[in-house]
Amino acid sequence: MAKSRKDSKGRVLRKGETVRSNGTYQYAYTDYYGKRQYVYANDLVTLRQKEEEILRDNLDGIDSQAARNQSLNDIYDKYMATRKDLAPRTYAGYMYQYNAYVRQTIGKRKIKDIRYSDILRFYKSLMEEHNLSIGSVQHIQMELHPAFEMAVRDCIIRANPTHRVVGQLKKQTGAKRGVRNALTPEQQKAFLQFMDGHPVYERWKPIYTFLIGTGVRVGELGGLRWCDVDFENGFITIDHAIVYFAGKMNKTDQRLYISKPKTEAGIRKIPIVKEVRNALDEIKQYQFDNGIFCKADIDGYTDFIFLNRYGNVLMQTALDRALSRIIVAYNENEIQEAAEEKREAVLLPHFTCHTLRHTFCTRFCENETNLKVIQS
């Protein structure tokens, strides 16, 4: 009968276990793919805990070696490499958020070590330390969940640690996703009238009138060219948008590019109502009077309509900053006038350009009852 191998404390070693020359313990085994692998520990108890985990993984068909070697960053990059269906702007948005908040933090951890509680704590830290809203955290959740799910299906981990974590996050923090409210007819009228003839803000009126009158997204507005406007037949063709990739992790990646709509439904023709036609005429006249002409050439696209004073395309940051200044100036003026006239002030809430898209939809629904027409 073969003599049992023992360690220095007289404990019998199992098959595959050895004591190394430096006093640490080693366990040798054959992995899921038939390849020889090794794990190490400073003591026998810890080694046998690892052995039990390996045995359980083998019985469940889990690739424990991949789980030990791959980080969340590895899994996410592998997942994104499969997403050839994503529009360029969507892909850029996903990568920006991941690089900004995940890659240098929890993304470095081995995927096998990430638990539900780790994800919950990570999301809380994003809200508390980075002041992210629950909506922004939900966007990150939408990116991480399918990446972890791919790891589950590849038999790298057993369960998805992001499963139902946002519900618990909302319960513990009491956070709710904000609701974007459209401007009321009274607010809309006051907003546009304030800019009319204003020495500073008049030049912004046709731009915001266009947004309210068409309901286009800001990227679509920025990408519009004069050739996209058919004045003769009275419609505007929307079939592309400008996307800005900030490149905050790498300034050399900072650029503008043209993106096509995600779906065929995104390609559409918008009727030119009277106010929108007037707005376009005002924009053209303003540019002519001030010697502004398009200098931008983005992926072969040029002759853009909405330009800054240097002839470059207008970006959302500039539009939102101008909007904030207009709202503040309007409210200050309205409070003073209302006090002088002894009436209730019609104040404007803080809103962004996207609110004007909601405002367009609201005005449209107030005047159209056919659901098919509204959906289209």
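Restricted to segment 85-137, and to residues there that are outside any helix (DSSP H, G or I) and over 26 Å from Ile157 (Cα atoms), the residue that is modelled with the lowest pLDDT is Ala87.
In segment 169-182, the residue that is modelled with the lowest pLDDT out of those that are outside any helix (DSSP H, G or I) and open to solvent by 80 Å² or more (accessible area, probe 1.4 Å) is Val179. Inspect all residues belonging to segment 66-74 and state whether any of them is touching a strand residue (DSSP E or B) at 6+ places or on another chain (Cβ under 6 Å), modelled with pLDDT of 85 or more and of a type outside the set (Val, Ile, Thr). Yes, segment 66-74 contains a residue that is touching a strand residue (DSSP E or B) at 6+ places or on another chain (Cβ under 6 Å), modelled with pLDDT of 85 or more and of a type outside the set (Val, Ile, Thr).
Checking each residue in segment 268-310 for being open to solvent by less than 20 Å² (accessible area, probe 1.4 Å) and modelled with pLDDT under 95 picks out Ile270, Ala296, Ile298. Among the residues of this structure, Ala329 counts as one that is open to solvent by less than 90 Å² (accessible area, probe 1.4 Å) and in contact (Cβ under 8 Å) with a residue 24 or more places away in the chain.
Restricted to strands (runs of 3 or more DSSP E) entirely inside segment 200-267, those with at least 1 residues that are modelled with pLDDT under 90 are 241-245, 255-259.
Listed here are the residues, each with its yes/no results for (1) surrounded by fewer than 21 Cβ atoms within 10 Å (Cβ to Cβ); (2) of a type in the set (S, T, N, Q); (3) out of contact with any Leu (no Cβ under 8 Å at 6 or more places or on another chain).
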residue	(1), (2), (3)
Thr184	yes, yes, yes
Gly222	no, no, no
Cys227	yes, no, yes
Ile236	no, no, no
Ala241	no, no, yes
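Consider Gln97 carefully, then state whether it is open to solvent by 30 Å² or more (accessible area, probe 1.4 Å) and within 30 Å of Asp299 (Cα to Cα). Spelling it out, Gln97 is indeed open to solvent by 30 Å² or more (accessible area, probe 1.4 Å) and within 30 Å of Asp299 (Cα to Cα). Among the residues of segment 12-39, the ones that are surrounded by 13 or more Cβ atoms within 10 Å (Cβ to Cβ) and farther than 23 Å from Cys155 by Cα come to 9 in all. Scanning segment 342-369 for residues that are open to solvent by less than 70 Å² (accessible area, probe 1.4 Å) and on the phi > 0 side of the Ramachandran plot yields a count of 0. Cβ separations smaller than 7 Å between residues 6+ apart or across chains give the following pairs from segment 69-95 residues that are closer than 30 Å to Asp31 by Cβ and in contact (Cβ under 8 Å) with a residue 40 or more places away in the chain to residues that are assigned to a helix (DSSP H, G or I) and open to solvent by 60 Å² or more (accessible area, probe 1.4 Å): Ser71/Lys108.
Test Asn69 against the criterion of being farther than 30 Å from Tyr91 by Cα, open to solvent by 20 Å² or more (accessible area, probe 1.4 Å) and polar (S, T, N, Q), and give yes or no. Judged against the criteria, Asn69 is not a match.
Looking across segment 311-321, just one residue is surrounded by 14 or more Cβ atoms within 10 Å (Cβ to Cβ), out of contact with any Cys (no Cβ under 8 Å at 6 or more places or on another chain) and of a type in the set (S, T, N, Q), and that is Asn312. Taken over segment 67-119, the criterion of being under 30 Å from Arg255 (Cα atoms) and of a type in the set (Lys, Arg) is satisfied by Lys78, Arg83, Lys84, Arg89, Arg103, Lys108. Specify the residue that is farthest from Ile106 (Cα to Cα); the eligible residues are those in segment 123-146 that are hydrophobic (A, V, I, L, M, F, W, C) and either over 15 Å from the mean Cα position of the chain (by Cα) or surrounded by 16 or more Cβ atoms within 10 Å (Cβ to Cβ) (or both). Looking at residues that are hydrophobic (A, V, I, L, M, F, W, C) and either over 15 Å from the mean Cα position of the chain (by Cα) or surrounded by 16 or more Cβ atoms within 10 Å (Cβ to Cβ) (or both), I get Ile134. Of the residues in segment 87-106, at least one is touching a His at 6+ places or on another chain (Cβ under 8 Å) and of a type in the set (S, T, N, Q).
Out of curiosity, is Met150 without any contact (Cβ under 8 Å) to a residue 12 or more places away in the chain, of a type outside the set (Ser, Thr, Tyr) and part of a helix (DSSP H, G or I)? No; evaluated as a whole, the condition is false for this residue. Quick check, is Arg203 more than 30 Å from Ile335 (Cβ to Cβ) and either open to solvent by 20 Å² or more (accessible area, probe 1.4 Å) or free of Cβ contacts under 8 Å to residues at least 60 places away in the same chain (or both)? So Arg203 does not fit the description; no.
The values are calculated or read from the model by the stated rules, or taken from the named source; none is laboratory data. Note that this is a predicted model, so its numbers are computed, not measured. Neighbour counts run over all protein chains shown; Cβ positions are idealised from the backbone, glycine included. Please note that ligands, DNA and RNA were not included when accessible areas were found on the heavy atoms of the full protein model with its side chains. Shrake-Rupley method; radii C 1.70, N 1.55, O 1.52, S 1.80 Å.
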